[in-house]
Amino acid sequence: MTLLHPAALIERKRDGGTLDAAELQSFLEAFLRGDVADYQMSAMLMAVFFRGLNPSELQAMTRCIIDSGERLDFSEGSAPAVDKHSTGGVGDKVSLVLAPLLAEFGLRVPMMSGRGLGHTGGTLDKLESIPGFRTDFGLDEFRATVDELGCAMIGQTHQITPLDGRLYGLRDVTGTVESVPLISASIVSKKVAEGISGLVLDVKVGRGAFMPDASSARVLAETMVELAESLGLRASALLTAMDEPLGCMVGNALEVREAVECLRGAGPPDLRDVTLDLCVEAVMVGGTRGDPNAVRSELAALLDGGSALDRFARLIERQGGDPGVTDNLDLLPSAPVTRDFVAPAAGYVTLLDARQIGMGAVQLGAGRMTVDDKIDPAVGFDVRCRVGEAVERGQPLVIVHAKDDDSAAMAVDRVAAAVTLGEAPVEAMPMILGRVRTRSRP
Ligand code: URA
């Protein structure tokens, strides 16, 4: 196909015009071949950032990203294959519980996750804090693991949607990440290419999230759900609170600890509740027609009975890790220094700023500011209070886990800026702020 002069297509988008599917496809394919330069692609991304994409442009772009690499197919097989994707938060260890739990329920969960960047954590970094755990499986081993265990948890491979990797690299350095159509195309393309039949999106809302308010999160959720469904992937989304961290633990090995607690039927109630809600959505998009309340009870019983934890232990072993961590949490890395941040006065917790806490975790070494930074698996925070709670003067509110005294002192200062106490109680954000399903399903 002959490509219209790239500048002409960029100008049309810049001026608010539309591009047809063939034009978008030829532009993106030329970019992959090297016939459209990075600066031209960057200009197009900026034009899209300001002008958006209509549904057919969005679908065309997403198809192109899917077609840039290999496509898996889990349509054959005894159980529906589903996945969950979170838009990113602080203390979000849901995937570690959800994948083995859904596998134990009888679904297949071929999960491809990302690393943390900025103030948010990433599932791969958490898994790799388990001694020996490998997330670099090729697609054949990935498939084989799903066949054996019902789930596998690996990183994005360059075999799947390589165009997304190229575009994301440019977006990251050109101020074009926070665009609803570009985020939607990026996420949905990867999930369609995974070959699953159902997708649950956890769209985080609040200070620690990409989307600060529920209305912008809803627009993103609706765009992704409609796009996924238009490409044959059943999807639904929950809008969930991310003003304060999810659960107590923030930091890689610390979050694995908390995920194991949850798989033992214990752990913080907000983590358990949101995980069960997302699992119920996954079961529904997987095609089960049961009563959601009954499904939730069945899932809860799998947590309480310990069988989901056994499944996690088998997954850890299959992926090269030490399954003993599920019995003995002390096998996980632990930080040499701990330091308490205590309440400077009696009062009520009115703010626990998830973004500040996430940034503090990055400064401690739990996350990275650039993709090449090395992670310290042991460091992070144990947040011992919730918004709305009454606290006494001197009560430990956050325990800092650090590699040395200096970084512990720095983190205590950071936490002091993240926690606000007031004289009157406030209501915490409800955990579930909304649900987006297509018109075809209630
Ligand atoms: N996560 C993705 O995979 N892509 C985006 O564009 C944003 C978040």
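Residues that are within 20 Å of L254 (Cα to Cα) and among the small types (G, A, S): does the stretch 147-169 have at least one?
no
Inspect all residues belonging to the stretch 118-134 and state whether any of them is within 22 Å of A228 (Cα to Cα) and touching a residue at least 60 places away in the same chain (Cβ under 8 Å).
No, because not a single residue in the stretch 118-134 is within 22 Å of A228 (Cα to Cα) and touching a residue at least 60 places away in the same chain (Cβ under 8 Å).
Being part of a helix (DSSP H, G or I) and closer than 27 Å to D243 by Cα is true for just one of R171, R166. Which residue is that?
Answer to the check: R171.
Any residue at all in the stretch 190-210 that is over 20 Å from R63 (Cβ atoms) and open to solvent by 40 Å² or more (accessible area, probe 1.4 Å)?
Yes - at least one qualifying residue is present in the stretch 190-210.
With the condition kept exactly as written, say whether any residue in the stretch 217-225 is out of contact with any helix residue (DSSP H, G or I) (no Cβ under 7 Å at 6 or more places or on another chain), free of Cβ contacts under 8 Å to residues at least 60 places away in the same chain and in a helix (DSSP H, G or I).
no
Under 7 Å by Cβ, and 6 or more places apart or on different chains, what pairs join a residue from the stretch 97-116 that is within 16 Å of the ligand (Cβ to nearest atom) and aliphatic (A, V, I, L, M) with one that is open to solvent by 20 Å² or more (accessible area, probe 1.4 Å) and not in a helix (DSSP H, G or I)?
If the second residue must be open to solvent by 20 Å² or more (accessible area, probe 1.4 Å) and not in a helix (DSSP H, G or I), the pairs left are M112/Q156.
Any residue that is among the basic types (K, R) and touching a helix residue (DSSP H, G or I) at 6+ places or on another chain (Cβ under 8 Å) - is there at least one of those in the stretch 280-294?
Looking for residues that are among the basic types (K, R) and touching a helix residue (DSSP H, G or I) at 6+ places or on another chain (Cβ under 8 Å), one finds none in the stretch 280-294, hence no.
Does any residue in the stretch 243-264 that is under 25 Å from A214 (Cβ atoms) come within less than 6 Å, Cβ to Cβ, of a residue that is open to solvent by 10 Å² or more (accessible area, probe 1.4 Å) and of a type in the set (V, I, T) six or more places away or on a different chain, and which pairs are these?
Pairs found: E244/V387.
Could you tell me whether the stretch 180-196 includes any residue that is within 14 Å of the ligand (Cβ to nearest atom), in contact with a Lys or Arg (Cβ under 6 Å, 6 or more places away or on another chain) and within 30 Å of H158 (Cα to Cα)?
Yes; the residues of the stretch 180-196 include at least one that is within 14 Å of the ligand (Cβ to nearest atom), in contact with a Lys or Arg (Cβ under 6 Å, 6 or more places away or on another chain) and within 30 Å of H158 (Cα to Cα).
In the list G175, G165, which residue meets the criterion of being free of Cβ contacts under 8 Å to residues at least 24 places away in the same chain, open to solvent by 10 Å² or more (accessible area, probe 1.4 Å) and under 30 Å from R51 (Cβ atoms)?
Selected residue: G165, the only one of G175, G165 that is free of Cβ contacts under 8 Å to residues at least 24 places away in the same chain, open to solvent by 10 Å² or more (accessible area, probe 1.4 Å) and under 30 Å from R51 (Cβ atoms).
The values are calculated or read from the model by the stated rules, or taken from the named source; none is laboratory data. Source: prediction; values computed, not measured. Note: ideal-geometry Cβ built from the backbone for every residue, glycine included; neighbour counts use all protein chains shown. The area values use the complete protein model at the heavy-atom level, side chains included, leaving out ligands, DNA and RNA. Shrake-Rupley method; radii C 1.70, N 1.55, O 1.52, S 1.80 Å.
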